[in-house]
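As structure tokens, the structure follows; a few thoughts come after it.
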Amino acid sequence: MQNWKNSWCILVIIITCNVFSVYAQDVIITTRPIVPQYERILAPSTRHIWIDEDWESRGGKYVFVGGRWAEPPRQGLIWVAGHWAQKTSGEVWIRGHWIERARPMRPRY
């Protein structure tokens, strides 16, 4: 009987943590924040790319972190820009990220 209660308690804790972790990741808004005005400065090097619009969720709201130059973490990566995604109750920001550059396929003869 005690093992069953322990198992049940552990299961409830795991489910609760998973539910709250899902909600902690997405901040859903009904009005997009205004992109601040800024000036683009010269690139530090030819390896750097410009990240225009980017947002982070902090304290239940979005904070602008775009308008910066970034260098790929390693060679062969490209930047996929972030974007707003529609949800049933509003919109959520999908962060930009680095991905492997697709290699062109060679035609077979």
Potential lengthening between ILE51 and ILE28 on full extension [0.36 nm per residue; Cα-Cα distance subtracted]: 6.0 nm
Under-5 Å amide H pairs with GLY90, H placed in peptide plane, nonlocal only: none
Amide H contacts of ARG68 (H built 1.01 Å from N, under 5 Å, at least 5 apart or other chain): ILE51
Label-point separation in nm, ILE78 to HIS97, each point 7 Å along Cα→Cβ: 1.7 nm
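Read the figures in this text as sums done on the coordinates, not as results from a lab. All of these numbers come straight from a predicted model, not from anything done at the bench. As a convention, Cβ positions derive from the backbone with ideal geometry for all residues, glycine included, and neighbour counts pool all protein chains shown.
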